[in-house]
Amino acid sequence: MNLPRSELVKVNQLAARYSQGMFVPMGDEYQLLMRVARADPVAIEPVIKILVNLLNDGCVHAGDEIGLINWLNNFAKISEHLRSVIEVAISKEVLDFHSSDYVEEGLRKTALRLSETLAIERPKHYFDLCRNILTSNGSIFIIGAGFSYDSYAPLLREMEGIACSSLYDLGVKNPRDLYHADESEAWKRISEGWSIFQNHVALMLLPKEPSEQHLILAELFHAGHITHIVSFNWDDLVEKAYLNLYSTDIPKITKEDDKNEHALWKLHGDIESPDERWVLPFEDGKVFQPLDQIVMRTTIPTISIGYREQESVVREKLINILEKRGGVTRIRPDLTNNPPVTCSDNSLMAMKKIKFGIESAKNSTYQA
């Protein structure tokens, strides 16, 4: 069916606005999309994909999630084509979480209706992972830069500004030219004047506040479900989260000769100690010997969130051994979903699901 050009223009305008994360479930927009969908479902396919991605990425305001899921359910019901598009695009883990007892009743019922419409079997690899944590009496959590992304701690690709400021302070006249021409050489220069860079970073990171995933991590550590947190981050967000919740400092190891059977390990540096040499980008990494000994005898599972395993020493002395011992489950948004080896998720959603999965496994309430 031919659609008025004005309708298609409006649909394109909605797509542009939604792609910027500006979604509110408004009745007139819903009516427009439904009208177009009935005439030509393919015409709103780009909008549907954008909406599904917003839901997958946790970019929808909590008060608007029910409205969005209702929209998706109704679009799936009126068009087999759109049902197929939604089924392929939607994160099964996000839908599983929204269908759980962990969320408020209205959202849970709405998500269950969409699950039924899509005829999706609810995945259970998070539940199985959490059962493994419980039956193993603990776990090792490895966290990288991606874990602190929501607290505006920079990823490597976002550190150009502070790196160039440090290079300038080190006497490089055109730091951006050097950084763009040879990033590894730029970081080599920074490593030679490491104290300047580390003080810049400390000033930037100290005001940052923990996000919800840091609080959940602290809760699970305090409850004993996490035996060791191995952090490759310089920030102190886990420490702040633990202090906020329990008014005491988390057990922490920052030096080679320290050891503890239940601790946060800061292997690559700590902003509380900017005058002690950190491990910087493009360096081989570091693993303390006491952690080596723990890893060699462990049988508990390891969960790695937001860490890319780029340092050769870390791969050799930590990751490869943990793979052979209790196994490693990797969680990052850019991974393909291949449970239980990898989970495509952001840090916040992963921690929410793990917390819920542990509670569900303890109470044996999960229904596959």
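The values are calculated or read from the model by the stated rules, or taken from the named source; none is laboratory data. A quick note: this is a predicted structure, and the numbers were derived from the prediction, not measured. Ideal geometry is used to build each Cβ from the backbone, glycine not excepted, and the neighbour counts take in all protein chains shown.
Taking the condition in a helix (DSSP H, G or I), of a type in the set (D, E) and closer than 30 Å to F356 by Cα, does E209 pass?
Here the answer is no, as E209 does not meet what is asked.
Among the residues of segment 166-185, which ones are touching a Pro at 6+ places or on another chain (Cβ under 8 Å) and either at pLDDT below 95 or of a type in the set (F, W, Y) (or both)?
If the condition is that a residue be touching a Pro at 6+ places or on another chain (Cβ under 8 Å) and either at pLDDT below 95 or of a type in the set (F, W, Y) (or both), then Y168 is the only one that fits.
For Y246, state whether it is over 22 Å from K286 (Cβ atoms), buried (at least 23 other Cβ atoms within 10 Å of the Cβ) and at pLDDT 95 or above.
No.
Return yes or no: is I143 assigned by TED's automatic domain parsing to the domain that holds D270, within 30 Å of A263 (Cα to Cα) and in contact with a Phe, Trp or Tyr (Cβ under 7 Å, 6 or more places away or on another chain)?
Taking the combined requirement at face value, the residue satisfies it.
Can you tell me which residue among R325, R330, R315 is touching a Cys at 6+ places or on another chain (Cβ under 8 Å) and free of Cβ contacts under 8 Å to residues at least 40 places away in the same chain?
R330
Can you tell me which residue is farthest from the chain's Cα centre (by Cα) among those in segment 196-215 that are surrounded by 23 or more Cβ atoms within 10 Å (Cβ to Cβ) and farther than 19 Å from E276 by Cβ?
Only one residue fits best here, namely P210.
What do you reckon, is L245 free of Cβ contacts under 8 Å to residues at least 60 places away in the same chain and within 28 Å of A361 (Cβ to Cβ)?
For L245, the condition - free of Cβ contacts under 8 Å to residues at least 60 places away in the same chain and within 28 Å of A361 (Cβ to Cβ) - is met.
From the list P274, P290, pick out the single residue that is assigned to a loop (DSSP other than H, G, I, E, B) and either buried (at least 20 other Cβ atoms within 10 Å of the Cβ) or touching a residue at least 24 places away in the same chain (Cβ under 8 Å) (or both).
Among P274, P290, only P274 is assigned to a loop (DSSP other than H, G, I, E, B) and either buried (at least 20 other Cβ atoms within 10 Å of the Cβ) or touching a residue at least 24 places away in the same chain (Cβ under 8 Å) (or both).
S184 fails exactly one of the following numbered conditions: (1) in contact with a helix residue (DSSP H, G or I) (Cβ under 7 Å, 6 or more places away or on another chain); (2) surrounded by fewer than 19 Cβ atoms within 10 Å (Cβ to Cβ); (3) part of a helix (DSSP H, G or I); (4) outside the structural domain of C343 (by TED's automatic domain parsing). What is the number of that condition?
Only one criterion is unmet by S184, namely (1).
Name the helices (runs of 4 or more DSSP H) wholly inside segment 1-113 in which the number of residues that are touching a residue at least 60 places away in the same chain (Cβ under 8 Å) and outside the structural domain of R332 (by TED's automatic domain parsing) is 2 or more.
Ranges flagged: 92-98.
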